[in-house]
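Chemist: Please find one structure pasted underneath; my questions will follow.
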Amino acid sequence: MNNILIVYYSLFHNTANLALEIAVQTGGTLRELIPDTNYSFEYNTAAKEVRNQISRGFCPKLISGNESIDDYQAIFIGSPNWFKTLAPPVMSFLRLNDFTGKTIIPFCTHGGGGFGQIANDIAKECPKSKILPGIAVTGTVTSEEVTNWLKMIEYEL
């Protein structure tokens, strides 16, 4: 059994595309996080909704993606960089699970902000996990970028 899980939240498909490339290269199981209420598809409205949720520390209920992680040892966790941190559905996933002894590999998509505080925020929520260096990409990712990153972190395929 493959014990690799790729969990992600994606509003505009950039993070989903990166997650899919990671799944293709690792053979991992892909799992999309779906909150009970969708964000607006209009960027400025979505940005206001997200900023409000982050400032309140709100974690939406997940209607999909929060199945057990017990069978997985390595978990790639992906999010868009929203205001320098994780999308609220990803924070929900982190707070609903126990990552003790698991290896966490973060990934994110961004419009110029890099990882922001994402890696630090994941580390705070998963203090008893091993966290490997992540990848942060803008726009479309190439398979070579993912291959090089996996080699750099010495991730065993």
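Chemist: Please go through segment 105-122 and pick out each residue that is open to solvent by 30 Å² or more (accessible area, probe 1.4 Å) and under 14 Å from the mean Cα position of the chain (by Cα).
Modeler: Filtering segment 105-122 down to residues open to solvent by 30 Å² or more (accessible area, probe 1.4 Å) leaves 110-113, 115-117, 119-120.
Answer for segment 105-122, where residues must be open to solvent by 30 Å² or more (accessible area, probe 1.4 Å) and under 14 Å from the mean Cα position of the chain (by Cα): His110, Phe115, Gly116, Gln117, Ala119, Asn120.
Chemist: Determine whether segment 60-76 contains at least one residue that is outside any loop (DSSP other than H, G, I, E, B), of a type in the set (Asp, Glu) and either open to solvent by 20 Å² or more (accessible area, probe 1.4 Å) or at pLDDT 90 or above (or both). Walk me through how you get there before you give the answer.
Modeler: Initially, segment 60-76 is screened for residues outside any loop (DSSP other than H, G, I, E, B), giving 62-64, 74-76.
Next, from what is left, pick out any that are of a type in the set (Asp, Glu): none.
Among the residues of segment 60-76, not one is outside any loop (DSSP other than H, G, I, E, B), of a type in the set (Asp, Glu) and either open to solvent by 20 Å² or more (accessible area, probe 1.4 Å) or at pLDDT 90 or above (or both), which makes the answer no.
Chemist: Test Asp36 against the stated conditions and say whether it is touching a residue at least 40 places away in the same chain (Cβ under 8 Å), surrounded by fewer than 20 Cβ atoms within 10 Å (Cβ to Cβ) and more than 14 Å from the chain's Cα centre (by Cα).
Modeler: Values: touching a residue at least 40 places away in the same chain (Cβ under 8 Å): no; surrounded by fewer than 20 Cβ atoms within 10 Å (Cβ to Cβ): yes; more than 14 Å from the chain's Cα centre (by Cα): yes.
Against the criterion (touching a residue at least 40 places away in the same chain (Cβ under 8 Å), surrounded by fewer than 20 Cβ atoms within 10 Å (Cβ to Cβ) and more than 14 Å from the chain's Cα centre (by Cα)), Asp36 does not qualify.
Chemist: Take Asp70 and tell me if it is farther than 15 Å from Val137 by Cβ and either touching a strand residue (DSSP E or B) at 6+ places or on another chain (Cβ under 8 Å) or among the hydrophobic types (A, V, I, L, M, F, W, C) (or both). Step through it out loud before you land on a result.
Modeler: Details: farther than 15 Å from Val137 by Cβ: yes; either touching a strand residue (DSSP E or B) at 6+ places or on another chain (Cβ under 8 Å) or among the hydrophobic types (A, V, I, L, M, F, W, C) (or both): no.
No, not satisfied.
Chemist: Output yes when any residue across segment 83-104 is within 16 Å of the chain's Cα centre (by Cα), closer than 21 Å to Leu20 by Cβ, buried (at least 21 other Cβ atoms within 10 Å of the Cβ) and of a type in the set (Ser, Thr, Tyr), and no when none is.
Modeler: No, segment 83-104 contains no residue that is within 16 Å of the chain's Cα centre (by Cα), closer than 21 Å to Leu20 by Cβ, buried (at least 21 other Cβ atoms within 10 Å of the Cβ) and of a type in the set (Ser, Thr, Tyr).
The values are calculated or read from the model by the stated rules, or taken from the named source; none is laboratory data. What you see is a predicted model, and the numbers here were worked out from it, not measured in a lab. No Cβ is skipped: glycine too gets one built from the backbone with ideal geometry, and neighbour counts run over all protein chains shown. For accessibility, only protein heavy atoms count, side chains too; no ligands or nucleic acids. Shrake-Rupley method; radii C 1.70, N 1.55, O 1.52, S 1.80 Å.
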